[in-house]
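Peer 1: Below you will find the structure I want to go over with you.
Every number here is computed from the coordinates shown, using simple stated rules; none is lab data. Everything quoted here is computed from the prediction, not taken from an experiment. Cβ coordinates were reconstructed from backbone atoms using ideal geometry, including for glycine residues, and neighbour counts include every protein chain displayed.
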Amino acid sequence: MSRYLMSALMQHRPPLGRRLAFARARLSARLRSGPARSPERGVLAATAAPVQAMGLSFPNPLGIAAGFDKRGVLGREAGALGFGCIEVGTLTPQAPALGLPTERSPGAAGIILGINIGMSPHTPPQQAQQDYLVGLRAVWDRADYIAINLCSAQASALLCPSREAALEALLVALKQEQRALTVLSGRYVPLAVKIKLALGAVALPEVVNQLAALGFDALIAAIDAGPPATPQRYADWQAPASQRQACYQVDRLATVLAGHLPIIAVGGISAAWHVDERLRAGATLVQLHNALVYEGPRVALAIHKAALPAAPSPV
């Protein structure tokens with residue numbers, strides 16, 4: 001399906017467009033992980049270097065952001081599409097992981113599985129701690145890392161200065177539970193915290209400093225360019241000015257964190273030069289979402305192919 005047709009579908013029937021994009025990705029992953037694998041997978045061996053972050057080894061820096069695979073149905077099969085990581089969810093106590101895989105599939109060896117957990121839609125901010133702890137316990141045994149989603153409307157309220165004490169209590173409780181679960185299970189699961197940062201934000205949220213001080217394992221920075229994604233918003237992200245603004249925010253985070261936490265950059269990434277610029281700005285990993293919708297399941301392989309060095313000119 002062409003980008004033009006997908007844009008038209010997303011303009012008039014977004015839910016259908018997203019379901020179709022997910023179905024295409026899942027079918028493509030299964031075809032590529034079968035006996036007759038596409039020769040394009042050889043591109044990965046030439047361009048994709050493993051990335052070390054959160055104590056984990058990512059096959060390459062490209063990931064799928066939470067929201068594309070809400071229930072873990074695609075899961076680790078995303079490795080066949082050229083991704084080194086997929087973050088599934090957001091999962092809440094009211095929306096458990098129905099299709100979440102429990103084992104690595106042979107066609108996706110090495111891909112990292114992150115699970116994004118959040119608050120139920122009707123949970124008030126003062127009761128957030130219970131929802132996150134329930135989610136943490138529920139996914140501990142299935143995740144390579146767990147993302148604490150502070151991007152939803154009710155979770156974002158915790159970032160207000162007036163709720164500083166409640167936010168710190170939540171973060172402390174999550175780290176305490178992480179330590180307890182590590183002892184009980186015999187395995188350490190890193191915790192990343194996901195926050196939304198406006199494209200033109202002047203001040204960074206105070207939580208950035210708290211995460212480093214409390215010993216969290218990563219910051220997922222969702223650079224947000226406005227209202228829910230539309231074809232026009234996707235087009236606007238292609239402008240160099242938008243990409244520069246996003247890189248500026250990543251650079252500011254990297255400066256404040258000073259290497260204490262890896263940064264996972266999300267928002268407006270759909271091409272090899274977008275990836276390159278975010279990594280240069282200080283991100284360790286990047287995640288795609290809408291690029292999978294508009295460009296299709298070959299987008300990661302296209303990014304890897306674009307990263308291949310140019311062939312030498314004939315003498």
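Peer 1: At 0.36 nm per residue, minus the direct Cα-Cα distance, what do ALA169 and ALA258 gain on full extension? Give it in nm, one decimal, please.
Peer 2: Values: separation 89, 0.36 × 89 = 32.04 nm, distance 2.46 nm.
Extra length available between ALA169 and ALA258 comes to 29.6 nm.
Peer 1: Right, another one. Tell me the trypsin sites (Lys or Arg not before Pro) within the range 179-262 that lie in a loop according to DSSP and have at most 14 other beta-carbon atoms within 10 Å.
Peer 2: Qualifying residues, ordered by number: ARG187.
Peer 1: Now a separate question. Return a whole-number percent for the relative contact order of the range 3-306, with Cα pairs under 8 Å and 6 or more residues apart as the contact set.
Peer 2: 19
Peer 1: Working out 0.36 nm times the residue gap between GLN11 and ALA213, then minus their Cα-Cα distance, what length gain in nm do you get to one decimal?
Peer 2: 68.4 nm
Peer 1: Something else: When ranked by the protection proxy of mean other Cβ atoms within 10 Å per residue, highest first, what sequence do the peptides 133-146, 163-176 form? Don't skip to the answer; put the middle values down first.
Peer 2: On the way: 133-146: 19.7, 163-176: 16.3.
With the highest mean Cβ count within 10 Å placed first, the list reads 133-146, 163-176.
Peer 1: For q values of 0.13, 0.14, 0.15 Å⁻¹, compute log₁₀ I(q)/I(0) with the Debye formula on a Cα-only model of the chain, without solvent.
Peer 2: Debye intensities relative to I(0), on a log10 scale: -0.94, -1.10, -1.28.
Peer 1: If the cut-off is 27 Å between C-alpha atoms, which lysines fall inside it for LYS196, apart from same-chain ones fewer than 8 positions away?
Peer 2: Correct list for LYS196: LYS70, LYS175.
Peer 1: According to the Kirkwood expression over distinct Cα-Cα pairs, how big is the hydrodynamic radius of the range 120-263, in Å?
Peer 2: For the range 120-263, inverting the mean 1/r across all distinct Cα pairs yields 16.4 Å.
Peer 1: Using +1 at the C-beta of Lys and Arg and -1 at the C-beta of Asp and Glu, which of ALA239, ILE117, TYR294 has the Cα lying farthest in the positive direction of the dipole of the chain?
Peer 2: TYR294
Peer 1: Would you kindly state how much longer the chain becomes between ALA201 and VAL183 on full extension, computed as 0.36 nm times their sequence separation minus their alpha carbon distance, in nm to one decimal?
Peer 2: Fully extending the segment from ALA201 to VAL183 adds 2.5 nm.
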